[in-house]
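A.B. asks: Next up is a structure, given as structure tokens.
The numbers here are math on the coordinates, done by the rules we state, and not lab data. The structure displayed is predicted, hence computed values, not measured ones.
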Amino acid sequence: TFTAKKYLMVKLYRKPTGSADARWTFNNDGGANYAKRTNYDGANGSTEINQNYFTQNTYDNDAPSYSSTMIVNTAGKEKLGIQHEMTPSSAGASAQVHRSESVFKWANTSDQITTIDITNSKSGSYDVGSIIEVWGHD
């Protein structure tokens, strides 16, 4: 939970133990108010509409990942965001790093985002060392 700001930047480092995804909700809104479009390694990806959450665009649910998310959090408007994520395919310099990009919206026009919840629906969990940081600016 944080003070409402017009622009948000969210940094997330996920360190999973087993399979762990990242489902984002804003202000505890579990209604069908989320939509996103994703691509993986520059190729066409997926589209999700009328969702109850925004699923982070994780390339591999079992691998650690780092994401950077920018959100325009204007009062009276739908909240728009873009997320970039990188996930290693395996350890070592000979293994490639995967990238993904998502654009998304939260179709709430009455509230600014003041709470971000990230939950896991898979069988694993987040390990010690997983971090979320939120910065805001007007």
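A.B. asks: What is the count of Lys pairs in the chain whose alpha carbons sit under 26 Å apart, if the two are 8 or more places apart or on different chains?
C.D. replies: Close lysine pairs found across the chain: 23.
A.B. asks: Working only with C-alpha atoms, what are the Rg and Dmax values of the stretch 1-68, expressed in angstrom?
C.D. replies: 13.3, 37
A.B. asks: So, one more: Treating the Cα atoms of the chain as identical point scatterers in vacuum, please give the log10 of the normalised Debye intensity I(q)/I(0) at q = 0.14 Å⁻¹, two decimals.
C.D. replies: Here log10 of I(q) over I(0) equals -0.63.
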